[in-house]
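The values are calculated or read from the model by the stated rules, or taken from the named source; none is laboratory data. If you're wondering where the values come from, they're calculated on a predicted model, not measured in any experiment. Counting neighbours? That spans all protein chains shown, and the Cβs are built from the backbone with ideal geometry, glycine included.
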Amino acid sequence: MYFIFTLITLVTSSIFAQQRKPNKDLDKKGYNLIQFSGVVVEGNNLQPVPYASILIKDKNRGTISDYFGYFSFVAQESDTIEFSAIGFSSALYIIPDTLSSNTYSLIQVLRKDTIYLNVMEVFPWPSKEQFKQAFLNLNLPDDDLSRATKNMDRADLKVQMVGMAMDASANQQYASQRYQSKLYYAGQMPPNNLLNPIAWAKFIKAWKNGDFKKKD
C-alpha cells in the first residue's frame, strides 16, 4: 500500500512540476540545482529495490534508497546518475537540462543480473595418488571414545578456558550486574569487606589450603 501511494505521489509531483513556473536555484558556479527523487524498482514485478546505490557519475556524491526503494538528494541538470544494486545490472540516467522546475522525479527500473562462474575442482593434494597415500597412512584412533577423551582433556580445556574471552551473553550479564549494583548502592557507600568476618574466614581457609602458592 505504501509503495503504490509513493508511485502515485511521484507521478503527480512530476506532472505538477512541469506546470509550475520557472523557479531555479543556482550553486556557486551557476549550475541549476535540482531536488532529484524517485523510486528504484525491479523490472519483472515492479517491487522496490531496497538500499540501492544512486551516485552522480564522476562526482562521488549521491545516496542510497531506503527499504521501500525511495531516494532523494540534490543534483544538477545534465548530471549522469548511476543506479546499482547487488544482483542487478547497473543503469545510467541523464537528468534533462530543459526542466522548468527545480524538482524532478523518476521511477528507475533495474534488471536482474545472473553471473555464472566456471566449475572448479579443489584437491587438498597436488595429485590424487598423493592424497590416497596420505589418507592410507593417516593414524587415527580406532574408536570414537579415544578421540573424545583426547578432545576433552582437562589440562587442554583449562588452558582454553583461561585464555578465552567472554562472549556477548557473558558481557551483557556482567554489565547488567554492574548496573544493578550501582543502582542498589545509589546514595550510599558500597560495603567494604575489610571488616567482614565471613570474607576473612574464606581468606584464611584459602591461605591454609595453599591456594595462593605459585603453581609450576
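Scan segment 89-105 residue by residue and report those that are touching a residue at least 40 places away in the same chain (Cβ under 8 Å), surrounded by 16 or more Cβ atoms within 10 Å (Cβ to Cβ) and either in contact with a Leu (Cβ under 8 Å, 6 or more places away or on another chain) or not in a strand (DSSP E or B) (or both).
ILE95, LEU99, SER101, ASN102, SER105
How about segment 144-169: which of its residues are exposed (fewer than 10 other Cβ atoms within 10 Å of the Cβ) and either assigned to a helix (DSSP H, G or I) or of a type in the set (Asp, Glu) (or both)?
ASP144, LEU145, ASN151, ARG154, ALA155, GLN160, MET161, VAL162, GLY163, ASP167, ALA168, SER169
With the checklist (1) part of a helix (DSSP H, G or I); (2) surrounded by 11 or more Cβ atoms within 10 Å (Cβ to Cβ); (3) at pLDDT below 80 in hand, flag the one item GLN172 doesn't pass.
(3)
Which residues, taken from segment 111-128, are over 20 Å from GLY43 (Cβ atoms) and not in a loop (DSSP other than H, G, I, E, B)?
Hit for segment 111-128 is LYS128, nothing else.
Looking only at segment 34-87, which residues are of a type in the set (A, V, I, L, M), under 16 Å from SER105 (Cα atoms) and without any contact (Cβ under 8 Å) to a residue 24 or more places away in the chain?
Residue satisfying the conditions is ILE64 alone.
Looking only at segment 114-131, count every residue that is surrounded by 12 or more Cβ atoms within 10 Å (Cβ to Cβ) and either modelled with pLDDT of 85 or more or in contact with a His (Cβ under 8 Å, 6 or more places away or on another chain) (or both) and tell me the total.
1
At pLDDT 90 or above, surrounded by 11 or more Cβ atoms within 10 Å (Cβ to Cβ) and closer than 14 Å to SER37 by Cβ, is that true of LEU55?
When the stated conditions are applied, LEU55 does not pass them.
Go through (1) of a type in the set (D, E, K, R); (2) more than 17 Å from SER65 (Cα to Cα); (3) surrounded by 10 or more Cβ atoms within 10 Å (Cβ to Cβ) one by one and return the number of the condition GLU82 breaks.
Only one criterion is unmet by GLU82, namely (2).
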